[in-house]
1. Take residue 210 and decide whether it is surrounded by 15 or more Cβ atoms within 10 Å (Cβ to Cβ), more than 27 Å from residue 149 (Cβ to Cβ) and touching a helix residue (DSSP H, G or I) at 6+ places or on another chain (Cβ under 9 Å).
2. Keeping to the range 156-173, report how many residues are assigned to a helix (DSSP H, G or I), surrounded by fewer than 21 Cβ atoms within 10 Å (Cβ to Cβ) and touching a helix residue (DSSP H, G or I) at 6+ places or on another chain (Cβ under 7 Å).
3. Under the condition of being touching a strand residue (DSSP E or B) at 6+ places or on another chain (Cβ under 8 Å) and outside any strand (DSSP E or B), which residue from the range 244-258 is nearest to residue 194 (Cα to Cα)?
4. Could you tell me how many of the residues in the range 90-133 are part of a helix (DSSP H, G or I), under 11 Å from the mean Cα position of the chain (by Cα) and over 22 Å from residue 210 (Cβ atoms)?
5. What is the residue count in the range 1-42 for residues that are surrounded by fewer than 18 Cβ atoms within 10 Å (Cβ to Cβ), more than 24 Å from residue 94 (Cβ to Cβ) and either in contact with a strand residue (DSSP E or B) (Cβ under 8 Å, 6 or more places away or on another chain) or at pLDDT 95 or above (or both)?
6. For residue 217, work out the one condition from (1) modelled with pLDDT under 95; (2) surrounded by 20 or more Cβ atoms within 10 Å (Cβ to Cβ); (3) under 29 Å from residue 9 (Cβ atoms) it doesn't fulfil.
7. Name the one entry in 65, 26 that is in a loop (DSSP other than H, G, I, E, B), farther than 22 Å from residue 197 by Cβ, without any contact (Cβ under 8 Å) to a residue 40 or more places away in the chain and within 15 Å of the chain's Cα centre (by Cα).
8. Residue under question is residue 149, and the condition is that it be under 15 Å from the mean Cα position of the chain (by Cα), farther than 25 Å from residue 14 by Cα and outside any loop (DSSP other than H, G, I, E, B); does it hold?
């Protein structure tokens, strides 16, 4: 059962009466954001490919006296963003915030990631975020206000072996968001990028994994998973403060700080991680073929 009553505070008051669209909101981090925003009196537009799952989130929110609507949305199709956001504008006369959260995970050695997987992750993780930003930006400029929030990752700040495709798309999200922030401020539009560490969601269940499956990949991660509701609260607190880059938990700041001092400081950690991964992948492949 989702509960977020403790995530109401003075900073969250800024979301009251706001119309907020979230992509990838049928589960995981997006769902947690939707619930927390609804608890703080926002009108939440829940979008995802899975309309049935979207409606379930809306039903949960409405049971708690929140306001929400569900829309089916494929973020790889800019025309669908245009249709959904136009409907939102027609109904509410404005869109205050868009949170481009939809994304997929891809893990494995570069040699094992084919071209179609690169295209898919780029279409969803990066271009999907660009399309959402582009359409919302058009309306927000006319309004003279708004907030565009793009969900990247710790891998939008640092690199790592075994996630080259994921790192590439998340770095693109972070860099794009920072560039847009400079352009958008003259139009009264805020732009933020969220760079969290590992969050306890279904990302590892539904991603593309080579060498090791999602469960096995989780077992070799160097950090523990953060509670998704706590992550949502930290993200929204950063949004309320209009932080350019919203980073959590604390170890990510340390990790990024080391990378900025000298990327070589992280190389020993990466080598150990890669060695453990390859050993487990070799054992896993041996079991499958024996």
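The values are calculated or read from the model by the stated rules, or taken from the named source; none is laboratory data. It should be emphasised that the depicted structure is a prediction, and the values quoted were computed from it without experimental measurement. We place every Cβ from the backbone using ideal geometry, glycine too, and count neighbours over all the protein chains shown.
1. yes
2. Quick first cut of the range 156-173, residues assigned to a helix (DSSP H, G or I) only: 156, 164-173.
Retained after the next criterion (residues that are surrounded by fewer than 21 Cβ atoms within 10 Å (Cβ to Cβ)): 164, 167-168, 171-172.
Right, trim to touching a helix residue (DSSP H, G or I) at 6+ places or on another chain (Cβ under 7 Å) and you get 164, 167, 171-172.
Matching residues across the range 156-173 total 4.
3. Of everything passing the filter in the range 244-258, 244 is nearest to residue 194 (Cα to Cα).
4. 1
5. So the count comes out to 0.
6. (3)
7. On the way: 65 fails: within 15 Å of the chain's Cα centre (by Cα).
Of 65, 26, the one residue that is in a loop (DSSP other than H, G, I, E, B), farther than 22 Å from residue 197 by Cβ, without any contact (Cβ under 8 Å) to a residue 40 or more places away in the chain and within 15 Å of the chain's Cα centre (by Cα) is 26.
8. Values: under 15 Å from the mean Cα position of the chain (by Cα): yes; farther than 25 Å from residue 14 by Cα: no; outside any loop (DSSP other than H, G, I, E, B): yes.
In short, no.
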